[in-house]
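Everything below concerns the one structure shown next.
The values are calculated or read from the model by the stated rules, or taken from the named source; none is laboratory data. Fair warning: this is a prediction, and the values are worked out from it, not measured in the lab. FYI the Cβ positions are ideal-geometry reconstructions off the backbone, even for glycines, and counts take in every protein chain you see.
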Amino acid sequence: MKQNKTGENTEGLRVGVFICDCGSNIAGHLDCAEVTKYAADLPGVVFTKENLYTCSEAGISEIQNAIRENNLNRVVVASCSPRTHHPLFASSCAQAGMNPYLFEMVNIRDQCSWVHMGQRDIATAKAKDLVRMGVAKSTALEPQKDIESSVIRKILVIGGGIAGLSAAEALAGMGLEVLLVEKEERCGGLMLGLNVLETGKSAAGQVSDLAATVAATSGVTVHTASRVIEISGYIGNFRVVIETPAGKVEDTVGCIVVACGAVPLVEEGLFGYNGKDVITQMELEQRLASGSFKAARVVMIQCAGARNATREYCSRICCATAVKNAMIIKRKYPLAEVHVLYRDMQMYGDEKEQMLWDARGMGIKFHVFDQKKPPRVGDGKVTFQHAVLGETKEFTVDLTVLSTPLVARPESSQVAALMRVPCDKNGFFLEAHAKLRPLDFAADGIFVCGSARYPVTSVEARTQGLGVASRIGAILFKEKLVKSGIVAEIDQETCVGCMGCLNVCPYEAIIFNRETGVCEVKEILCKGCGNCASTCPSHSAVLRGYKPEQLLAQIRAI
């Protein structure tokens, strides 16, 4: 039997190693040619190649040609993050006839060139170590099969605001069935209470028209004054129970959209809030819409209840809302005095920046206050410390308007618990990855859009709703669903049935078989997190692709 220096069996192994320059991103900080030469002498390696860009079309072709011409049965690519490029390289290997689970990736960008810039020798030495570990692990990899399941082309949308309606409209336009569940008596969400949008169009009118269009669309079923009370299953086959005024409705859907939105903060006593002469921006919107606004001297206070120890985040939309409403007041009542007290004006984008300049040109006054000395409101006056002038200013007011943040709905945690998806510390739903998967949850088949994820404008909410529809369409129009075979497995011979793995599985992918007295993995639900494998006292639970012998091969190599 042929073995390498770490004791791994190398009989029949034909490993190809590809080192990526990534332009100068990697090659600029370590010697890729030297690493390539080093890899050629590792046991089991029969082919090495240094690429300028391995993920390019030319780089992929070189991998596939090398597999065919050199009869490679293992491939190791040393380049950037596996999170972004592992699927590309693995699928490329599969197209060349190699089992994609015999592919291993080494991250020499994040772990070498990025952390050892200016330390070329150290970065190069570390890259050699990582490549040696990758090759060693590849020797212990096993062929796997993808996991397949059926798919139901129906979607549950939770929330009938602008985001949920937009998603439902787009999905129905694709010919898919949609169940839309709204807890209020009518769809529309926060936009029903707004005056006008920044474009000057009626907010309530626009969202009402969209709701009417969605309700009249074939394939869409709208349940108002309803709520989802039970969700189980997995991507392609979720069982849902909806509580409606007419009773419970059960159905099966392929994907779920969470678009339950957020609500404006209303906090009694905040800057003297009383709902009369101290109100929120949302209440100002309603007064403007109903024609009940009457005030000649208005002061708006930004960041009221936000960017503090309780709520550290910026609500993003408050500044634009304040400027919009201030301009509406000034247009309707040219002689009105409008002052905006702020810490920072977050007017992102060219259009909103122009709004701010236009507002100044209309005579709306903007004043910076010291966050350590917040404004004081009382007796028809607003007093604050001007941060630039260093003076104490005082305005006599008829109306004080607080720009309070959007906060997560109280029921968000209950909705999250139904689907076992996470929320952040502020109660907003937490996406899988802010940049790579901004509309997905970590749980497959469940998506989030609109202010349920974070405060957004109506335009952003609609855009995200359409984005979610696109993501779902890419899933549900497949004949069958295929997921990674990197899942947990439990040895039925050694499992003692302690059920410790059930307690640590965040996806409820493990069940206890009372007839056999052992635990079993529901592969379609498993996400390969490895929690069970790391806690199993009898070592019966292992994670495919990360079995002890595969990890120990890396450890011995280093």
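When L406, L439 are checked against the criterion of being touching a strand residue (DSSP E or B) at 6+ places or on another chain (Cβ under 6 Å) and more than 30 Å from R376 (Cα to Cα), L439 stands alone in meeting it.
Looking only at residues in the range 73-122 that are among the β-branched types (V, I, T) and closer than 17 Å to L141 by Cα, the one that is surrounded by the most Cβ atoms within 10 Å (Cβ to Cβ) is V77.
Considering only the range 341-352, I want to know if a residue exists there that is of a type in the set (F, W, Y), closer than 24 Å to C314 by Cα, assigned to a helix (DSSP H, G or I) and without any contact (Cβ under 8 Å) to a residue 60 or more places away in the chain. Within the range 341-352 (the criterion being of a type in the set (F, W, Y), closer than 24 Å to C314 by Cα, assigned to a helix (DSSP H, G or I) and without any contact (Cβ under 8 Å) to a residue 60 or more places away in the chain), the answer is no, since none of the residues qualifies.
Residues that are at pLDDT below 95, touching a strand residue (DSSP E or B) at 6+ places or on another chain (Cβ under 7 Å), assigned to a strand (DSSP E or B) and crowded, with 17+ Cβ neighbours inside 10 Å within the range 218-236 comprise just one, G233. Residues in the range 189-244 that are without any contact (Cβ under 8 Å) to a residue 12 or more places away in the chain and over 27 Å from the mean Cα position of the chain (by Cα) were compared, and the one that is farthest from V263 (Cα to Cα) is A216. Being in contact with a helix residue (DSSP H, G or I) (Cβ under 8 Å, 6 or more places away or on another chain) and either closer than 22 Å to I162 by Cβ or not β-branched (V, I, T) (or both) is a description that does not apply to V298.
Listed conditions (1) modelled with pLDDT under 95; (2) under 20 Å from L418 (Cβ atoms) are all met by T244, apart from (1). Restricting the search to strands (runs of 3 or more DSSP E) fully inside the range 477-537 and requiring at least 1 residues that are touching a residue at least 24 places away in the same chain (Cβ under 8 Å) and under 22 Å from the mean Cα position of the chain (by Cα) gives 481-483. Total residues in the range 418-435 satisfying the condition of being farther than 25 Å from R153 by Cα and assigned to a loop (DSSP other than H, G, I, E, B): the figure is 9. Within the option set T463, T383, T400, being outside the structural domain of L165 (by TED's automatic domain parsing), under 26 Å from A320 (Cα atoms), surrounded by fewer than 19 Cβ atoms within 10 Å (Cβ to Cβ) and at pLDDT 95 or above holds for one residue only, T383.
Residues being surrounded by fewer than 20 Cβ atoms within 10 Å (Cβ to Cβ) and either farther than 21 Å from K126 by Cβ or of a type in the set (A, V, I, L, M) (or both) are entirely absent from the range 16-26. The listed residues are G134, G97, and the only one of them that is under 28 Å from I67 (Cβ atoms) and part of a loop (DSSP other than H, G, I, E, B) turns out to be G97.
Looking across S24, S61, S81, one residue alone is among the hydroxyl-bearing types (S, T, Y), touching a strand residue (DSSP E or B) at 6+ places or on another chain (Cβ under 9 Å) and free of Cβ contacts under 8 Å to residues at least 60 places away in the same chain. It is S81.
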